[in-house]
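The values are calculated or read from the model by the stated rules, or taken from the named source; none is laboratory data. Computed from a prediction, not measured in an experiment: that's the story for all the values here. Note: ideal-geometry Cβ built from the backbone for every residue, glycine included; neighbour counts use all protein chains shown.
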Amino acid sequence: MHRSSTSSVARLRRFASLAQLAAAMLIPGGARAQSAMHGDTVSAPIRDVHYDVTFTRANGDVRLVDVAMSFSTTSAAPVLLSLPAWTPGAYEISNFSRWVTGFDAVGAGRKLSWEKLDYDTWRILPAGAKSVRVSFRYVADSLDNAMSWATQDFLFFNGTNVFLYAEGQPLEFPATVAVHTEPEWRVATGMTQTAPRAFSASSYHDLVDMPFFVGRFDVDSARVAGRWVRFASYPAGAVSPSTRSAAWDQLQRVIPPEITVFGETPWQNYTVFEIVDSTFAGASGLEHQSSHVDVLAPSYVGSDFQPSLYAHEIFHSWNVKRLRPAEMWPYQYWHPQPTPWLWVSEGITDYYADLAEVRGGVVDERGFYALTAEKMNEVAAAVPVSLRDASLDTWVHPVDGTEYIYYPKGSLAGLALDILIRDASNNAHSLDEVMRGLYQADYKKGRGFTGADWWGAVSAAAGGRSFADFAARHIDGREPFPWDSILTLAGIRIRQERVPRLGVLTQPGPMGIVVVNVQEGSAAAYAGVRSGDYLESVGDISVDDQQFGAKMRAKYGASAEGAPLPIKVRRGMEELTLTARLQFAPGDVTLEADPAATPKAVRIRTGMLRGTTG
Ligand SMILES: [Zn+2]
């Protein structure tokens, strides 16, 4: 996942009710354990699995997709078919079965008996039928990249929403998909095409990781780093020719540095799916193994956030879709898979999104510092929470503002580790090697990575240096990163803005800005400001000035603590000029290249920004 850079709001995915999640978590194994009440937890084996998805104008008018699944079975035992409870990448329980209506099962020319076994599972009695077809209508009304959404001329759907699997049977089964739609409409998916509008997947994991666009939409493609990349956007015309060409330029720039990190391109072709809709607040992306789906408010199209979104989602095609925490390997679609390592999957991915932007020339060095400082300020403003706890907690959507803090904070952990590795190895090694090494040692060996794998790789890259203390303090613990000492190693200087602070609470009153509270010991208290006073100016800057804050910082930001500060107030009929003594609160941080950096620090900084060592 990825979200707009300005606030976490854009990525909020509040779909799952807490009640559903609690139910799923209280019952170990979720659907499977519930099935035990009925005496069967494993479906009869099925084979020759085929899905038909039908979306025509008539479907678009009612926002319903017709879905059918055909299979053969040789057993007389019940067939248990389930829909996933979640979509990988969107870490929340959704129970897609709730959008199913009109379920039906037919075999040997007659209707088959069926019942729900639990909220995700149907129990069908084949009654001797060798081939069975089940069908239902799916309500496609959720504009969410983990879900399904239809308009009169367009359908976006995820396989997790509509493709049933046989409960308790291996998920490594091949399947085919046929899409039935209007002759002049388009179909786009990352799935292997076998005939016009016919596709195949070699396992259920691949099947549900290849979302579809069906209907009227724009699509074009280009060669990037030797592979075909496709850009599909809805509605037609939503991405103007100039924005489209800017998007292609960004893709051409951010993909090659990401390939360099891992040393190989994991996909034969890649599709960027983009939906632009004014009912959507912010911007959100969801990753897949050879595609990603962005949903954007129109204002985000062509924004500075756009290349960051692309770079983040595409980096996921290595980090999380392939190299993945062991807790999520393999994906289990019927229950949550919390992991303390989501900060590696999401935060480190976001660090590499920034690096891909600067290494590919989408932003310059100063742009990279601005992206990094923004993350520091976001983390500083949040409740202190450890990366491991924030990773685990995302499934329950904490309401204290830390729901997605493992993105910026995990990204900063990546920066810190990269610098510490480069410093310990005299810039001979880097975090890039850690990522490449784990990709080879875990993903290529068909397993997820563990904490021992992660810290072992980090420590090895740093010439054997132990990170136990760092992990205890800053990853598993809540201690802030020691930026002054870390950034110095990379020749980067951190500056903390000082914000003049008056110490009053105000609100708009009938005759201006009225003081409603004066903080004890504050500059305002020292000056004798009282509740009920109308504030007119501070430091001769009118409180009505739209630029009040900026002008205050400009005028007094460099002044000494305790310097005199005139405050004009109206108290009843009187105009009073009071004198406060300046107080400051810590403001945002900014980063810049340190002109006094040592030659080693300059090499580390340059290596990080360019993706080089030595
Ligand atoms: Zn992500």
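Out of G367, G401, which single residue is at positive phi, surrounded by fewer than 23 Cβ atoms within 10 Å (Cβ to Cβ) and not β-branched (V, I, T)?
Of G367, G401, the one residue that is at positive phi, surrounded by fewer than 23 Cβ atoms within 10 Å (Cβ to Cβ) and not β-branched (V, I, T) is G401.
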> Are any residues in the range 285-313 assigned to a loop (DSSP other than H, G, I, E, B), surrounded by fewer than 24 Cβ atoms within 10 Å (Cβ to Cβ) and within 14 Å of the ligand (Cβ to nearest atom), and if so, which ones?
Replying inline: Q289
>> Among the residues in the range 109-117, are any over 34 Å from the mean Cα position of the chain (by Cα) and on the phi > 0 side of the Ramachandran plot?
In response: yes
>> Quick test of your reading of the structure: A127 fulfils all but one of (1) at pLDDT 95 or above; (2) surrounded by fewer than 18 Cβ atoms within 10 Å (Cβ to Cβ). Name the failing condition by number.
In response: (1)
> Considering the range 523-552 alone, what residues qualify as being crowded, with 17+ Cβ neighbours inside 10 Å and in contact with a Pro (Cβ under 7 Å, 6 or more places away or on another chain)?
Replying inline: G539, M552
>> So V132 ticks every box in (1) part of a strand (DSSP E or B); (2) touching an Asp or Glu at 6+ places or on another chain (Cβ under 6 Å) but one. Which box is left unticked?
In response: (2)
>> Tally up the residues in the range 164-197 that are crowded, with 19+ Cβ neighbours inside 10 Å and assigned to a loop (DSSP other than H, G, I, E, B), please.
In response: 6
> Taking R478, is it out of contact with any Cys (no Cβ under 6 Å at 6 or more places or on another chain), more than 17 Å from I348 (Cα to Cα) and among the basic types (K, R)?
Replying inline: yes
>> Quick check on this structure: which one of V272, V344, V358 is crowded, with 19+ Cβ neighbours inside 10 Å and within 14 Å of the ligand (Cβ to nearest atom)?
In response: V344
>> Looking at the range 314-328, can you tell me whether even one residue there is in a helix (DSSP H, G or I), touching a strand residue (DSSP E or B) at 6+ places or on another chain (Cβ under 9 Å) and within 16 Å of the ligand (Cβ to nearest atom)?
In response: yes
> Assuming I475 fulfils every condition listed in (1) in contact with a helix residue (DSSP H, G or I) (Cβ under 9 Å, 6 or more places away or on another chain); (2) surrounded by fewer than 17 Cβ atoms within 10 Å (Cβ to Cβ) apart from one, which condition is it?
Replying inline: (2)
>> Looking at the range 38-97 only, could you name the residues that are within 16 Å of the ligand (Cβ to nearest atom) and charged (D, E, K, R)?
In response: E92
> Of the residues in the range 190-245, how many are more than 25 Å from the chain's Cα centre (by Cα), basic (K, R) and closer than 21 Å to I275 by Cα?
Replying inline: 1
> When you go through (1) outside any strand (DSSP E or B); (2) at pLDDT 95 or above; (3) over 30 Å from A188 (Cβ atoms) one by one for N161, which number turns out not to apply?
Replying inline: (3)
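Condition check ((1) β-branched (V, I, T); (2) touching a strand residue (DSSP E or B) at 6+ places or on another chain (Cβ under 9 Å); (3) in a strand (DSSP E or B)) across all residues:
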position: T506; (1), (2), (3): yes, yes, yes
position: I513; (1), (2), (3): yes, yes, yes
position: N517; (1), (2), (3): no, yes, yes
position: V529; (1), (2), (3): yes, yes, no
position: G549; (1), (2), (3): no, yes, no
position: P586; (1), (2), (3): no, yes, yes
position: L591; (1), (2), (3): no, yes, yes
position: R603; (1), (2), (3): no, no, no
position: T612; (1), (2), (3): yes, no, no
> If S430 satisfies every condition in (1) under 18 Å from G614 (Cα atoms); (2) polar (S, T, N, Q); (3) surrounded by fewer than 22 Cβ atoms within 10 Å (Cβ to Cβ) but one, which is the exception?
Replying inline: (3)
> I494 is checked against (1) outside any loop (DSSP other than H, G, I, E, B); (2) at positive phi and fails just one. What number does that condition carry?
Replying inline: (2)
>> Taking the condition of being surrounded by fewer than 19 Cβ atoms within 10 Å (Cβ to Cβ) and either at positive phi or in contact (Cβ under 8 Å) with a residue 40 or more places away in the chain (or both), how many residues in the range 454-466 meet it?
In response: 3
